[in-house]
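One structure below.
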């Protein structure tokens, strides 16, 4: 949702869309455009409603009850359209396979959140068990297992619940997610022409990385339910376990064709030395786990490949008696054009998207919407002609030796004190956000990137202590490129360790990743650059948090497998800062400019 800044009369007359609009709704999720959900038909005749961004902590789950979702929403289903069903339908028409139906205008994935205490109806056997749960609260917490299935554009029909005698049992809920195409991250990809040096049988399985799925062609080993969100529901190439010692040292053991650009994940047995060809893959820090009487971990390594032929090597020969062959996961690669349609470079905030929490193109004076605007004695101000295409923008001006040249601090969601004045209703605990800015250096710019540029953070007390910080700043080669530097303000279990703002000595630094684009050097000086970042907090008890940065639409740096905040859940991500702080002072008097700032729950694009 997007809420206008204080004092914007036009916004007060025509409020922007909230997070809870009834059907028909248009849904926009990462990797896809909107989907219309319409023509809801319920055999009982009770009222069902489709709710935009309905799967956020604190959202009401039913039409006839005040049950609310807990803040621990699995990342895979955060911010989806929720079809609120009626709790009184929990025992309606038992055995029906056509109890509830609705139309969708494109291919979708339907999730059914089913009460864990109630037997599952037979029609649900056609859905995949994700191993994930929604939790709602009604004095006590109740779990709902998430099952998912792909449906084509048109009519979707679901059955009824199984009759139950559980007194406080609940009707299922329905979540709607556009099925992502080749520009997204979970669409199907065609894998063909598998060739294996050993001659053994390898199989390709769509949606093969779900809990309970068989991992090998010659063994019954199954994946545990703790699948990292990054690789859930991907295509799995089932290899043969007996190939664990085949052709050691080969760099061309397995090959296959793909029909689009992909990211290949290799799940490699943690007990086996890594082959040399795997050194070209990035260590994600994530693990798959399979079970064969005992649990065994497989570290996930990933690498991008272009459309065409892909060749992988063999395992290293091992004497570990129950060692296993690696598995291969295939994921369509996100394209550089981003995941949303282009936006207007000057007046995009006049038509904000539903998922945008905040938009400031500076064509109107929205500065009162920030809980802090540090103008630095006129150094950081809204000015005509400095924005994109000669529009309004923000000008930051340093004098020689000056460190601080002003900042904008934006708050949203639940905050710990009224000083952190949110631009929305101030109730949501955001677990994932995207934020974007356009940045340009002024004439004669020198000295690198000026160090501090932006950050997303979780403010958790009136003393400005922080549960996490997602830094976007500069470093290396005279600070000519950006890097991402994640830091936690809790211990690994989620106990708060910070007591003040920038409490560096009490932060748990998670490991930075540098970008590849020299924004502050050579031909890139004096040009507008689109910088977008994404932060997703980890699920409780897991190390599956994420931090990414795109430059001009292309992925420039990423960190995955992060334990941002342990099990901490009092507050979510609730602030983004846009900053101008030069650690050692600016080398001379100079300027840089900001424009088109957006904070969103979905990918923004350039």
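Read-outs: derived from the displayed coordinates by stated rules, not from any lab. Note that the structure is a prediction, hence the values are computed from the model and not measured. Glycine gets a Cβ as well: all are built from the backbone with ideal geometry, and neighbour counts include every protein chain shown.
Spacing of the modelled spin labels on residue 91 and residue 194, each 7 Å from Cα toward Cβ, amounts to 4.9 nm.
Between residue 383 and residue 589, what is 0.36 nm times their sequence separation minus the Cα-Cα distance? Round to one decimal in nm.
Answer, rounded to one decimal: 72.4 nm.
Let me make sure I get this right: for the chain, a, b and c are the square roots of the gyration tensor eigenvalues over alpha carbons, sorted descending. Under 1.5 in a/c it's rounded, otherwise prolate if a/b > b/c, else oblate. Which is it? Verdict is oblate for the chain. Residues of segment 568-606 falling in the label zone of residue 512, defined by backbone nitrogen less than 15 Å from a point 7 Å along Cα to beta-carbon, are 581-584.
Take the Cα of residue 317, go 7 Å toward its beta carbon, and the backbone nitrogen atoms of segment 245-275 under 12 Å from that spot belong to 245-250. Each residue, residue 294 and residue 153, gets one label point 7 Å from its Cα in the Cβ direction; the gap between the two is 5.3 nm. Taking every C-alpha pair closer than 8 Å and separated by at least 6 residues, the mean separation divided by the residue count of the chain gives a relative contact order of 13 percent.
Placing a pseudo-label 7 Å from each Cα along the Cα-to-Cβ vector at residue 245 and residue 116 gives an inter-label distance of 4.2 nm.
Would you kindly calculate the mean projected area, averaged across all directions, of the convex hull enclosing the Cα atoms of segment 363-418, in square nanometres?
Dividing the Cα hull surface by four gives the mean projection, 5.3 nm².
Annotation: extensible slack from residue 225 through residue 98 equals 42.8 nm (criterion: 0.36 nm per residue apart, minus Cα-Cα distance). Quick one: grab the alpha carbon gyration tensor of segment 207-268, order the square roots of its eigenvalues as a ≥ b ≥ c, and give me rounded if a/c is under 1.5, else prolate or oblate depending on whether a/b is larger than b/c. Here segment 207-268 falls in the oblate category. Extension gain, residue 462-residue 570: 0.36 nm per intervening residue step, less the Cα-Cα distance, totals 37.5 nm. The alpha carbon gyration tensor of segment 191-332 gives principal lengths a ≥ b ≥ c with a/c below 1.5, which makes the shape rounded.
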